[in-house]
Amino acid sequence: MTYGLGEGCMLRPEGLSYDAQGRASFTAVLNGERLGQFHLNVSSEANMLDALAVICVAHIRGLDMADVATALSGFVGAHRRFELTSTTDGVKCYTDYGHNPAEIKNALQIASMQPHGALWSVWQPHTYSRTKTLFDQFVETFDVADHVLITDIMGAREVDPGDISSDMLIGPIRARGIDAVLTPSFDDAEAYLRAHWQPGDIMISHGCGNIDLLNEQIALHGDTAGKA
């Protein structure tokens with residue numbers, strides 16, 4: 001069974017629309033047959049396509065589509081997948097486990113669909129080898145963001161080879177017109193964010209290391225004194 005937006009797909013979302021937060025609503029149509037109306041509680045085209053995959057499997061298994069619609073509408077996402085961790089200084093703070101260019105782009109697309117002022121992206125590169133191998137792709141990853149903060153690379157299982165660093169990414173990203181800043185530690189990143197973000201902005205941190213600890217400490221420290 002094929003699904004998607006193409007005219008040749010067996011299962012397609014007709015009447016597709018997105019609300020102000022990027023959450024999809026559509027009628028699932030299989031070979032001209034209406035299976036039901038679906039409303040999602042997670043944002044982005046990627047999640048809409050995942051929902052179509054769920055509907056395909058449910059149809060193959062003979063599940064009741066009303067139950068499928070209810071289940072999909074109740075799904076609010078997984079831990080560390082565009083997870084809201086706090087609203088601090090009027091800024092919604094999210095974290096996302098995505099750590100390769102495609103995953104980070106998807107998270108940024110979801111963030112960009114939310115009502116917001118500036119979009120802040122805080123990235124912790126994971127492993128020296130991945131950062132070096134995908135260097136050019138990472139440089140092109142953050143075009144949707146207004147501001148990008150990059151922490152030190154988390155080596156994980158690897159030893160620093162001495163020929164790749166987060167600082168090397170700053171210049172090429174700035175050359176694409178993006179405000180990019182090196183903030184080596186989580187304390188550095190938090191201090192920079194609090195000094196520059198404004199109410200109504202969105203911040204999202206990316207990485208499969210321990211970058212979620214940045215979000216935890218921001219939530220723990222609460223609103224900046226005299227700023228909220």
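The values are calculated or read from the model by the stated rules, or taken from the named source; none is laboratory data. Quick caveat: nothing in here was measured; it's all calculated off a predicted structure. Neighbour counts are summed over all protein chains in view; Cβ atoms, including those assigned to glycine, are modelled from backbone coordinates with ideal geometry. These accessible areas exclude ligands, DNA and RNA; they are computed on the full protein's heavy atoms, side chains included. Shrake-Rupley method; radii C 1.70, N 1.55, O 1.52, S 1.80 Å.
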_Intensity falloff of the chain expressed as log10 I(q)/I(0), Debye formula with alpha-carbon point scatterers, at q = 0.12, 0.14 Å⁻¹_ = -0.72, -0.90
*Considering the options Asn47, Thr127, Tyr3, tell which one lies farthest towards the positive end of the dipole of the chain, charges being +1 on Lys and Arg and -1 on Asp and Glu at the Cβ, about the Cα centre.*
Tyr3
*So how tilted is helix 186-196 from the main axis of the chain? Cα-based, degrees 0 to 90, rounded to 10.*
80 degrees
*Express in whole angstrom the spacing between the alpha-carbon centres of region 27-54 and region 171-207.*
35 Å
*Percent of accessible area on region 17-76 owned by carbon and sulfur, 1.4 Å probe?*
52 percent
*Looking at region 153-228, what % of the alpha carbon pairs are farther apart than 22 Å?*
34 percent
*Counting only heavy atoms of protein chains, what accessible area per residue, in Å², does the chain have with a probe of 1.4 Å?*
47 Å²
_C-alpha long axis of helix 45-60 to longest principal axis of the chain, angle in °_ = 40 degrees
